[in-house]
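For reference, the structure is listed below as structure tokens.
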Amino acid sequence: MRQRLIVPSTAAAAFLLLAVPASAADATPGAPGAGDSYYPEAGNGGYDVSHYDLRLKYQPKTDLLEGTATLLATPTQALSRFNLDFTLDVSEVLVSGKKAAHRLTGAHELEITPAAPLEKGKPVSVVVRYSGVPSAVKINGYSAWKRTPDGGVVAQEPESAAWWFPSNDHPTDKATYDVSVSVPDDVQAISNGVLASQTSKLGWTRYNWRSTKPQATYLTTLAVGKFDITTDTTASGLPVVNAYSKDLGDNLSSAKASIERTAEITDWESTVFGPYPFTAVGGYVPNVKSSYALETQTRPFYSPSSFASGANQSIVVHELAHQWFGDSVSVKDWRDIWVNEGFATYAQWLWSEKEGEGTAQELAEYVYNSIPAENDFWKVKPGDPGADRQFDRAVYNRGAVALQALRNTVGDKTFFSLLKQWPTENRYGNASVQDFVKFAEKASGKRLAPLFDTWLFQPSKPAVLPAPAVDG
Ligand code: ARG
Ligand code: ZN
């Protein structure tokens, strides 16, 4: 039976307002930053990206990158306009199929104004057609895209996406990726995840890489060049793809003696940190002059220089540990970098302990005893090092001593269960240093805030390194 409808005048007014989409009335611009305390312009507000589809073409001779990015996103507020982080030349933007106005503002802000405001919660597609020479792009005087003699490579932290695809460039907005790159037949394109297919025509080969678990923008990588590619499967059944530049010279054998142990190291780390979070693993070494490595998801980036004095399994242990600590469990804010680097460094100490090259306790004592209190090392607070000290060795080494201090305070049983529980409970999420402190207190039933304050937040050398717990 239909109810008789009595419409008082206020309800009628409300009804009329609803007839105009509520979002249009109160749509506002999305913020040009995600609110990071170190990098205010990184990322943007007002929407969440769930998927990036990058369909690109790259010519090594000219360093010209061109193509189309299709983003699937959901507004988290009614949006009159929104930003993506990007710098290459944009020729067209479509939002859900309709042409949208766009302009570059600020250091790396692509401001997009759709034809009509976007409704909160209603998914949209965003198509960006673009081209440019990424090595020519400098943001704050810096280029994340590096040329190699046979192509180029992009792998950088905390920001690298703006050099090659439009994004919401902050680890709090993770997404899945299809990276499809067409390159001349004599080079290959390497990216994250699995190579779903590869097709050649008219002198060009297209590589279709898929990364199907949540992935932060800075962990998305691309390398084009001449590579030797090895493929295998781990004992636990995970596909392994490694790629070595054909021009590594003397460093090829030492790189292989390190990275070919990826399967073994991943399986060992799974016994310490719990199930591996992703669907593929590997590593790659482009012919690039740089001195760092990066935990690019499923496929860490290594510099040839990492293997210049021989094999270096320890760096492989570090980058693979980041797959749990950094990639699966990511920072909430870049000031939380210790939740990445402290744990990845501690993984190297556990590897050393397992290999009989010194226990974690011995390595912690070495750091603690060999660096005098006056050294600037102790001025850096691993729990909030500042943007300019984000990758300071203190974040890594004092950060790992902090974990040994925790281990000694709570005992091995609780400590090793923590190392598994943390990445399991926070899988594919984001966490802060404070989240870890609370988590460790809950899991151990001990008040640990003062310990973490001493080891992570004081700009001075802690008075004592806690002795190992007797209960083991
Ligand atoms: N997360 C990287 C690692 O420790 C560090 C990258 C630092 N970047 C740099 N350009 N130095 O493996
Ligand atoms: Zn690291």
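Just so you know, all these numbers are worked out from the coordinates, no wet-lab data involved. Keep in mind the model is a prediction, meaning the values are calculated, not measured. Cβ: placed from backbone, ideal geometry, glycine included. Neighbour counts: every protein chain shown.
How much length is gained if the chain between Asp185 and Ala308 is pulled fully straight, taking 0.36 nm per residue apart and subtracting their Cα-Cα distance, in nm to one decimal?
Length gained between Asp185 and Ala308: 41.3 nm.
Would you mind working out the magnitude of the charge dipole of segment 313-459 relative to its Cα centre, with +1 at each Lys and Arg C-beta and -1 at each Asp and Glu C-beta, to the nearest 20 Debye?
Dipole magnitude for segment 313-459 comes out near 520 debye.
What is the distance, in nm, between label points placed 7 Å from the Cα along the Cα-to-Cβ direction at Val272 and at Ala257?
According to this spin-label approximation, the distance is 2.2 nm.
Can you tell me, using C-alpha contacts under 8 Å and at least 6 residues apart, the relative contact order of the chain as a whole percent?
11 percent
Take the Cα gyration tensor of segment 192-257, multiply each eigenvalue by 5, square-root it, and list the three semi-axes largest first, rounded to whole angstrom.
21, 19, 14
If you take the charge dipole of the chain about its Cα centre, with +1 on Lys and Arg Cβ and -1 on Asp and Glu Cβ, which of Phe325, Ser254, Leu451 is farthest toward its positive end?
Value computed over the given set: Phe325.
First select every other residue whose beta carbon is under 15 angstrom from the beta carbon of Ala175; then total the charges, Lys and Arg +1, Asp and Glu -1.
Once all neighbours under 15 Å are counted, the net charge is -4.
Normalised by the number of residues in segment 77-156, what is the relative contact order in percent for Cα pairs under 8 Å and 6+ residues apart?
31 percent
Helix 360-370: angle to the longest alpha-carbon principal axis of the chain, degrees 0 to 90, nearest 10?
80 degrees
Can you tally the lysine pairs in segment 56-135 where the Cα-Cα distance is under 20 Å and the two residues are eight or more apart, or on different chains?
Details: Lys98/Lys120; Lys98/Lys122; Lys99/Lys120; Lys99/Lys122.
Close lysine pairs under the 20 Å cut-off: 4.
How do Phe457, Phe452, Phe273 rank when sorted from fewest to most other Cβ atoms within 10 Å of their own Cβ?
Phe457, Phe452, Phe273
Specify the angular offset, from 0 to 90 degrees and rounded to the nearest 10, of the alpha carbon long axis of helix 313-324 from the longest principal axis of the alpha carbons in the chain.
Taking the Cα atoms of the chain, the angle to 313-324 is about 40 degrees.
Normalised by the number of residues in segment 219-290, what is the relative contact order in percent for Cα pairs under 8 Å and 6+ residues apart?
It comes to 37 percent, rounded to a whole number.
With a Förster radius of 22 Å, plug the Cβ-Cβ distance of Ala115 and Ala25 into 1/(1 + (r/R0)^6) and report the FRET value to the nearest 0.05.
Plugging the Cβ-Cβ distance into 1/(1 + (r/R0)^6) gives 0.85.
At 7 Å along the Cα-to-beta-carbon direction for both Ala449 and Leu64, put a label point, then send me their distance in nm to one decimal.
6.0 nm
Hey, can you rank 216-222, 253-259 by average C-beta count inside 10 Å, highest first?
Averaged packing, sorted descending, gives the order 216-222, 253-259.
How tilted is helix 9-19 with respect to the longest principal axis of the chain? Cα atoms for both, answer in degrees (0 to 90, nearest 10).
Orientation of helix 9-19: about 70 degrees from the principal axis.
How big is the Kirkwood radius of the chain, worked out from every pair of different alpha carbons and given in Å to one decimal? Please list the in-between numbers first.
Values: mean 1/r = 0.0421 Å⁻¹.
After inverting the pairwise mean of 1/r, the radius is 23.8 Å.
Determine, for Asp150, Asp185, Asp48, the number of other Cβ atoms within 10 Å of each Cβ, and report the residues in order from fewest to most.
Values: Asp150 18, Asp185 11, Asp48 15.
So the ranking, lowest neighbour count to highest, is Asp185, Asp48, Asp150.
Would you calculate the separation in nanometres between label points at Tyr292 and Gln458, each defined as 7 Å from the Cα along the Cα-to-beta-carbon direction?
About 2.9 nm separates the two model spin labels.
May I ask you to work out the translational diffusion coefficient for segment 221-269 at 10 °C, viscosity 1.306 mPa s, via Stokes-Einstein with Rh from the Kirkwood sum over Cα pairs, reported in whole µm²/s?
Once the numbers are plugged in, D ends up at 135 µm²/s.
Determine the dipole magnitude for the chain: charges of +1 sit on the beta-carbon of Lys and Arg, -1 on that of Asp and Glu, nothing else is charged, the reference point is the Cα centre, and the result goes in debye to the nearest 20.
Taking the Cα centre of the chain as origin, the dipole is about 1340 debye.
What's the FRET efficiency of Ala107 with Leu202 using the Cβ-Cβ distance as r and R₀ = 35 Å, to the nearest 0.05?
0.40
Tell me, in nm to one decimal, what length is gained between Glu92 and Arg55 on full extension, where the rule is 0.36 nm per residue of separation less the Cα-Cα distance? Intermediate results must be reported in sequence, preceding the final value.
Details: separation 37, 0.36 × 37 = 13.32 nm, distance 1.48 nm.
Difference between extended and current length: 11.8 nm.
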